[in-house]
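The values are calculated or read from the model by the stated rules, or taken from the named source; none is laboratory data. Computed from a predicted model, the values in this text were never measured in an experiment. Quick reminder, even Gly has a Cβ in these numbers, built from the backbone with ideal geometry, and neighbours come from all protein chains shown.
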Amino acid sequence: MSNFNGGKGERRLFTVDQAAGCLCLHRTTVHRLIAAGELQSIRVGRRRLIPEVAINRFIDDRLADAASVVPRTPSTPSAGANR
């Protein structure tokens, strides 16, 4: 499992702002992902915390989605199109 704080101890939960930084997203986007059920989180009091495994799962899911997309190849013009 990766560690988002540069290996300086083990971090298991992230605030919304910290998770947004890890994912290079805006905090509002992270809140939307949580509301949509795309990013798992927990509540502790009034705080919303995102487990490290949820961040890793979100990244893995996006990588799997990207890998399943067939890249488009540029179409080659027909021989008569260049005349």
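Computed values, structure above
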| read-out | value |
| --- | --- |
| Among residues of region 2-21, those that are out of contact with any Pro (no Cβ under 9 Å at 6 or more places or on another chain) and either assigned to a strand (DSSP E or B) or at pLDDT 95 or above (or both), counted | 7 |
| Output for region 15-48, where each listed residue is surrounded by fewer than 17 Cβ atoms within 10 Å (Cβ to Cβ), in contact (Cβ under 8 Å) with a residue 24 or more places away in the chain and not β-branched (Val, Ile, Thr) | Arg47, Arg48 |
